[in-house]
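I have placed the structure first, in the form of structure tokens, so that the comments after it can refer back to it.
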Amino acid sequence: MNSRKSSVPGPQKRRAAAAAVCLLFAVTALCAAGCGGGVEPALSDLFGVYVFDSVVYSNPFTSFVAIKDYMPTYELTEDRLIIEELDGEREEIPAEYAVSEVDEAAFLALLFEGPEQPDVTRYKTRRQYTLNEGTDTYPLYRLYVMDEEVWLAKLSIDGDTIWSIYRLVKPENKERV
């Protein structure tokens, strides 16, 4: 009889090792794919300087026309929304970033009916961050994160109407052109 132990693991240990390797691959693949959905940015990833890219929505009763070369820059910090006009004038609005899912019906209720309403159903990730409460000093601002797009909405003070939604992007360079 041979008293030496075999260095080859038994069938149970081989199956357990194979299962562990498969589990590791599955977890890695899911996390690389955003754990099954769109990869949601951390709040801190949203902080930074942004420039106007395009109008997502404009209330039909506003007379303001957004023109790319004449729009301010927007900076999101941990506790402020800073809007800097071309002449250097700055408005600093306290921000709290109260997060919630975008409810399609509630979102559409803030807009006037018409063909210019944005279709939010095409986005997998739909988050809204209410930055502040509307006051006599500041209108209400809300940040929408739609997949990888960042929208800034300006609402009425009481929050029942959206006046404008702008798609913002981080600039290629930090200086104005």
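Worth a mention:
- Looking at THR130, THR62, THR161, just one residue is among the polar types (S, T, N, Q) and closer than 26 Å to SER44 by Cβ, and that residue is THR130.
- Test: VAL99 is touching a helix residue (DSSP H, G or I) at 6+ places or on another chain (Cβ under 8 Å), in a strand (DSSP E or B) and over 20 Å from TYR57 (Cβ atoms): yes
- From LEU143, LEU131, LEU111, LEU168, residue being closer than 17 Å to ASN59 by Cβ and either in contact (Cβ under 8 Å) with a residue 40 or more places away in the chain or assigned by TED's automatic domain parsing to the domain that holds PRO60 (or both): LEU111
- Per the listing ARG126, ARG142, ARG122, the residue uniquely charged (D, E, K, R), within 18 Å of the chain's Cα centre (by Cα), at pLDDT 90 or above and surrounded by fewer than 18 Cβ atoms within 10 Å (Cβ to Cβ) is ARG122.
- Considering the conditions (1) out of contact with any Lys or Arg (no Cβ under 8 Å at 6 or more places or on another chain); (2) closer than 16 Å to VAL55 by Cβ; (3) of a type outside the set (Phe, Trp, Tyr); (4) part of a strand (DSSP E or B), LEU81 is excluded by exactly one of them, (2).
- Condition check for LEU155 on (1) modelled with pLDDT of 95 or more; (2) surrounded by 13 or more Cβ atoms within 10 Å (Cβ to Cβ); (3) not aromatic (Phe, Trp, Tyr): one failure, at (1).
- When every residue of region 43-51 is checked against the conditions, at least one turns out to be of a type in the set (A, V, I, L, M, F, W, C), at pLDDT 95 or above, in contact with a Ser or Thr (Cβ under 8 Å, 6 or more places away or on another chain) and assigned to a loop (DSSP other than H, G, I, E, B).
The values are calculated or read from the model by the stated rules, or taken from the named source; none is laboratory data. These numbers come from a predicted model, not from an experiment. Glycine gets a Cβ as well: all are built from the backbone with ideal geometry, and neighbour counts include every protein chain shown.
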